[in-house]
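Note sheet for the following structure.
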């Protein structure tokens, strides 16, 4: 009989060891396609993963003082079930700047959880706990606004972000291996 882990078994932590990068990259490769719109091609998704979600990219983010890779795992040494990447530098995209305004901000650049760990029925709620950690991370850096981009066709993610206090503040485009996707920019005052 399978038992659901209780809240105390889920560990949320900032990744500080670049050795963890390969495990996060593997998780990213599994979860990224799940958030892509139905019209996304396998080639575009694979191209994006190969270019932007590599072990080296995650190792660089782990080593970068302006970024925090936050992981969710089952127990101290258990498997990763989710991750978030928080970037603590001002946005450079004109559309994002217009949406975020002049406030000091941090970006939730990536946040993904394995499908078996989605949903509010779970006692451990990894997505909620990752977002709480992202908020605390941004607050610790003095940010007043937390922002993210979410595909305009990903209604499930949009509902989740609204539940977490985000509101739509603008739009931007996102390049996925040559394909142009349209995102909403969502913000949350913190």
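The values are calculated or read from the model by the stated rules, or taken from the named source; none is laboratory data. From a predicted model like this one, the values you see are computed outputs, not experimental measurements. Here Cβ is always computed from backbone atoms with ideal geometry, including for glycine, and neighbour counts include all displayed protein chains.
Just the residues that are free of Cβ contacts under 8 Å to residues at least 12 places away in the same chain, more than 17 Å from residue 9 (Cβ to Cβ) and exposed (fewer than 13 other Cβ atoms within 10 Å of the Cβ), please, taken from the stretch 63-77.
Scanning the stretch 63-77 gives a single hit, 65.
Does residue 165 meet the test of being surrounded by fewer than 17 Cβ atoms within 10 Å (Cβ to Cβ), modelled with pLDDT of 95 or more, over 24 Å from residue 50 (Cα atoms) and in contact with a strand residue (DSSP E or B) (Cβ under 6 Å, 6 or more places away or on another chain)?
Values: surrounded by fewer than 17 Cβ atoms within 10 Å (Cβ to Cβ): yes; modelled with pLDDT of 95 or more: yes; over 24 Å from residue 50 (Cα atoms): yes; in contact with a strand residue (DSSP E or B) (Cβ under 6 Å, 6 or more places away or on another chain): yes.
Yes.
Of everything in the stretch 32-49, what is over 20 Å from residue 158 (Cα atoms), out of contact with any strand residue (DSSP E or B) (no Cβ under 8 Å at 6 or more places or on another chain) and either surrounded by 14 or more Cβ atoms within 10 Å (Cβ to Cβ) or in contact (Cβ under 8 Å) with a residue 24 or more places away in the chain (or both)? Give them in sequence order.
Here is the first cut: in the stretch 32-49, the ones over 20 Å from residue 158 (Cα atoms) are 41-49.
Now narrow it down to the ones that are out of contact with any strand residue (DSSP E or B) (no Cβ under 8 Å at 6 or more places or on another chain): 42-43, 46, 49.
Selection gives 43, 46, 49.
Looking at 84, 140, 133, 127, which is the one that is at negative phi, surrounded by 15 or more Cβ atoms within 10 Å (Cβ to Cβ) and either in contact (Cβ under 8 Å) with a residue 60 or more places away in the chain or out of contact with any strand residue (DSSP E or B) (no Cβ under 8 Å at 6 or more places or on another chain) (or both)?
Details: 84 fails: either in contact (Cβ under 8 Å) with a residue 60 or more places away in the chain or out of contact with any strand residue (DSSP E or B) (no Cβ under 8 Å at 6 or more places or on another chain) (or both); 140 fails: surrounded by 15 or more Cβ atoms within 10 Å (Cβ to Cβ); 127 fails: either in contact (Cβ under 8 Å) with a residue 60 or more places away in the chain or out of contact with any strand residue (DSSP E or B) (no Cβ under 8 Å at 6 or more places or on another chain) (or both).
Testing whether each residue is at negative phi, surrounded by 15 or more Cβ atoms within 10 Å (Cβ to Cβ) and either in contact (Cβ under 8 Å) with a residue 60 or more places away in the chain or out of contact with any strand residue (DSSP E or B) (no Cβ under 8 Å at 6 or more places or on another chain) (or both) leaves just 133.
Just to be sure before I move on: is residue 29 over 23 Å from residue 131 (Cβ atoms), assigned to a helix (DSSP H, G or I), out of contact with any strand residue (DSSP E or B) (no Cβ under 7 Å at 6 or more places or on another chain) and free of Cβ contacts under 8 Å to residues at least 40 places away in the same chain in the structure I sent?
Details: over 23 Å from residue 131 (Cβ atoms): no; assigned to a helix (DSSP H, G or I): yes; out of contact with any strand residue (DSSP E or B) (no Cβ under 7 Å at 6 or more places or on another chain): yes; free of Cβ contacts under 8 Å to residues at least 40 places away in the same chain: yes.
It is false that residue 29 is over 23 Å from residue 131 (Cβ atoms), assigned to a helix (DSSP H, G or I), out of contact with any strand residue (DSSP E or B) (no Cβ under 7 Å at 6 or more places or on another chain) and free of Cβ contacts under 8 Å to residues at least 40 places away in the same chain.
For the condition more than 21 Å from residue 137 (Cβ to Cβ), touching a residue at least 40 places away in the same chain (Cβ under 8 Å) and touching a helix residue (DSSP H, G or I) at 6+ places or on another chain (Cβ under 9 Å), what is the one hit in 115, 55?
Working: 55 fails: touching a residue at least 40 places away in the same chain (Cβ under 8 Å).
None of the others qualify; the one that does is 115.
Would it be correct to say that residue 60 is surrounded by fewer than 16 Cβ atoms within 10 Å (Cβ to Cβ), in contact with a strand residue (DSSP E or B) (Cβ under 7 Å, 6 or more places away or on another chain), over 18 Å from residue 129 (Cβ atoms) and modelled with pLDDT of 95 or more? Lay out the reasoning, then the answer.
Details: surrounded by fewer than 16 Cβ atoms within 10 Å (Cβ to Cβ): yes; in contact with a strand residue (DSSP E or B) (Cβ under 7 Å, 6 or more places away or on another chain): no; over 18 Å from residue 129 (Cβ atoms): yes; modelled with pLDDT of 95 or more: yes.
So residue 60 does not fit the description; no.
Conditions: (1) at pLDDT below 95; (2) out of contact with any strand residue (DSSP E or B) (no Cβ under 6 Å at 6 or more places or on another chain); (3) assigned to a loop (DSSP other than H, G, I, E, B). Residue 8 meets all but one. Number of the miss?
The number of the failed condition is (3).
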